[in-house]
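Take a look at the structure set out below.
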Amino acid sequence: MTSSAAATERPWHLRAANFLRTPEGHSALLGFFGAVMITFGGFGAGSVRRQDPLLESMHLSWLRFGHGSILSAAIVWIGVLCMIAAWVRLGRSTLRGDVSLRGLRYVVPVWTFPLLFAVPMFSRDAYSYLAQGALLRNGFDPYAVGPVVNPGILLDNVSNVWTTTTTPYGPVHLLLADAIVRLTGENVIAGTMLLRITMLPGLALMMWAVPHLATKLGGNTSIALWLAVLNPLVLIHLIGGVHNEMLMVGLMAAGIALALERKHLFGIGLIALAVAIKATAGVALPFIVWIWMIHEREDAAAAGREPASPIRSFVKTAGAGFAVFVAVLGSTSLIAGVGLGWTTALSGSAKIINWLSLPTIVAHIGTMATSWFAGDHFNDILEVSRTISAVVLIAIIAVVWWRYRKTERDAVMGIVIVMVAIVVLSPAALPWYYSWPLAVAAGFAMSPTTLAVLTGLSTWLMLVFQPDGSIGLYTFPHVALAIVAAVIAAMSLQTEDPLRLRGRKHEKPIEMTSAASAPSTSGSA
């Protein structure tokens with residue numbers, strides 16, 4: 001028996017313990033420490049309840065005010081920086097080929113576990129989810145009325161901007177929220193924790209799907225998992241922030257992976273479930289039709305048959321896919337007892353105004369450029385820029401769908417491009433929206449420069465919101481510090497200690513092994 005075979009037969013906990021003793025394991029422990037700090041600091045600086053009798057009973061309510069709040073925020077930010085530093089260090093090891101896919105999969109629960117006990121971080125959306133579930137539980141139509149019509153403890157913690165907004169999510173989201181509030185009642189803490197637990201299957205699906213996408217698309221499985229799953233932007237926002245994107249992205253990525261493995265109907269079914277959580281996942285479906293048609297042509301060629309005409313093949317695949325989509329969406333809507341009113345509520349996101357959306361950027365710049373002679377016409381300019389962006393977005397979706405149809409890689413790249421366009425050109429964007437294209441894009445082989453850019457962008461997006469969910473984009477020092485941290489993170493991915501803080505001669509850039517640019521199967525079993 002070889003030593004590698006003997007190591008493989010060791011119990012999983014011994015293999016995990018051995019991994020944690022390695023330099024890569026030290027990075028995992030640093031990230032765990034950061035997650036613990038985020039959890040503890042969040043009790044004072046996170047998106048806490050407006051009245052928290054639990055903290056008061058523990059005599060810890062001082063953490064929410066004055067110096068206590070400052071201390072709590074400092075603890076959170078130190079934790080976030082620790083997780084980012086650990087992620088970048090782990091990325092360097094992954095680029096060198098020093099850590100396997102199995103080793104990275106050990107790290108995911110290590111970093112996730114502390115966040116399960118945190119208050120909602122960097123967003124108050126979890127409270128809206130519970131209030132939406134309470135609407136359905138109490139006999140209201142969440143697609144017709146907002147949480148304001150159902151007063152109670154669950155409403156008290158919803159952000160003011162969303163109290164009158166109808167639910168912009170699909171029936172599966174409502175069914176989950178309804179089931180949770182039926183189990184937990186008005187207990188906000190239990191409801192929030194149960195919401196988080198329901199997001200974990202999405203994380204598990206991403207851990208499976210992202211490496212499979214990399215295998216199919218020519219990427220590196222380990223780098224893909226590191227970039228799309230272990231990314232602090234994903235874990236802190238989607239798990240710590242309790243966002244239904246976790247389920248939506250996991251289902252969508254798994255559906256695309258299944259479609260690439262020729263399990264088209266199952267793949268479409270999973271993507272339809274993702275749409276029944278959040279509509280954004282639906283942009284993948286037209287590209288799945290191309291993938292299916294490509295497979296039909298390949299099967300015909302392999303069997304020595306004349307392939308069906310493109311029109312006939314399209315009608316067959318699109319028709320079957322549409323039937324599955326309608327069956328999933330219709331059945332979940334029927335079970336929830338709701339209609340399709342959520343599709344009209346999608347415009348509610350227009351209430352969000354920040355610098356992450358291109359139409360808003362244009363409106364801000366246009367207002368600053370003309371205010372000295374035309375006054376403040378921000379809202380008028382914003383309306384025009386959003387209208388133009390919507391037209392451009394529709395054109396991009398149509399053109400990309402048609403042009404990216406020849407190969408599987410083309411179709412998946414089309415999904416990435418369209419999702420990036422949606423994030424950039426939509427009326428509103430939030431940092432965690434970038435997890436949508438990231439989960440799919442991670443499957444492609446990327447150059448060191450591209451990985452460094454994505455590392456810097458992920459870091460910046462992670463830092464531009466406050467732990468309590470407020471926007472930091474309108475505070476110049478906050479944005480400047482986030483940019484500095486992003487640049488350092490990007491540099492550190494390829495060069496250890498780029499600022500020469502250790503007083504030693506500048507190290508050479510990290511040499512990427514062939515595993516960094518070719519599919520890796522190490523530890524994939």
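The values are calculated or read from the model by the stated rules, or taken from the named source; none is laboratory data. Small disclaimer: the values here were computed from a predicted structure and weren't measured. Using ideal geometry, Cβ is built from the backbone for each residue, glycine included, and neighbour counts are taken over all protein chains shown.
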Identity of the residue in region 65-84, within 22 Å of PRO109 (Cβ to Cβ) and touching a residue at least 60 places away in the same chain (Cβ under 8 Å), that ends up surrounded by the fewest Cβ atoms within 10 Å (Cβ to Cβ): LEU81
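Would it be correct to say that LEU270 is at pLDDT 95 or above and either touching a Gly at 6+ places or on another chain (Cβ under 7 Å) or hydroxyl-bearing (Ser, Thr, Tyr) (or both)?
Values: at pLDDT 95 or above: yes; either touching a Gly at 6+ places or on another chain (Cβ under 7 Å) or hydroxyl-bearing (Ser, Thr, Tyr) (or both): yes.
So LEU270 passes the test.
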Kindly check whether there is at least one residue in region 384-394 that is outside any helix (DSSP H, G or I), out of contact with any helix residue (DSSP H, G or I) (no Cβ under 7 Å at 6 or more places or on another chain) and under 26 Å from THR166 (Cα atoms). no
Expected single match for assigned to a loop (DSSP other than H, G, I, E, B) and without any contact (Cβ under 8 Å) to a residue 24 or more places away in the chain among ASP376, ASP380 is ASP376
Just name the residue that is nearest to the chain's Cα centre (by Cα) out of those in region 204-227 that are buried (at least 24 other Cβ atoms within 10 Å of the Cβ), more than 12 Å from LEU104 (Cα to Cα) and among the aliphatic types (A, V, I, L, M). MET206
Among all residue pairs at least 6 apart or on different chains, which show Cβ distances below 8 Å where the first residue, located in region 36-64, is closer than 21 Å to ILE236 by Cβ and in contact (Cβ under 8 Å) with a residue 12 or more places away in the chain and the second is aromatic (Phe, Trp, Tyr) and outside any helix (DSSP H, G or I)? GLY46/PHE122; SER47/PHE122
From the list GLY339, GLY366, exactly one residue is more than 21 Å from SER470 (Cα to Cα) and free of Cβ contacts under 8 Å to residues at least 40 places away in the same chain. Which is it? GLY366
Within region 456-472, residues being farther than 18 Å from LEU238 by Cβ and part of a helix (DSSP H, G or I) number 1
Just one listed residue, out of ALA441, ALA485, ALA489, ALA411, is closer than 30 Å to ARG49 by Cβ, modelled with pLDDT of 95 or more and in contact with a helix residue (DSSP H, G or I) (Cβ under 7 Å, 6 or more places away or on another chain), and it is ALA485
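Filter the helices (runs of 4 or more DSSP H) completely within region 1-103 down to those with at least 1 residues that are polar (S, T, N, Q) and under 29 Å from the mean Cα position of the chain (by Cα).
Values: elements: 3-9, 12-20, 23-45, 53-57, 66-96.
Ranges flagged: 23-45, 66-96.
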Only one of TRP77, TRP62 is of a type in the set (A, V, I, L, M, F, W, C) and at pLDDT 95 or above. Can you tell me which? TRP77
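Conditions (1) β-branched (Val, Ile, Thr); (2) surrounded by fewer than 24 Cβ atoms within 10 Å (Cβ to Cβ); (3) more than 18 Å from LEU225 (Cβ to Cβ), marked per residue:
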site	(1), (2), (3)
GLY97	no, yes, no
LEU116	no, yes, yes
PRO120	no, no, yes
ILE197	yes, yes, yes
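Within region 203-225, how many residues turn out to be within 21 Å of PHE113 (Cβ to Cβ) and among the aliphatic types (A, V, I, L, M)?
Restricting attention to region 203-225, the residues satisfying the condition of being within 21 Å of PHE113 (Cβ to Cβ) are 203-208, 210, 225.
With among the aliphatic types (A, V, I, L, M) added as a condition, the list becomes 203-207, 210, 225.
Qualifying residue count, region 203-225: 7.
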Quickly run through region 331-347 and pick out the residues that are over 26 Å from the mean Cα position of the chain (by Cα), surrounded by 12 or more Cβ atoms within 10 Å (Cβ to Cβ) and assigned to a helix (DSSP H, G or I). SER331, ILE335
Of all residues in region 294-317, which are closer than 18 Å to TRP402 by Cβ and assigned to a helix (DSSP H, G or I)? ILE294, ARG297, PRO310, ILE311, SER313, PHE314, VAL315, THR317
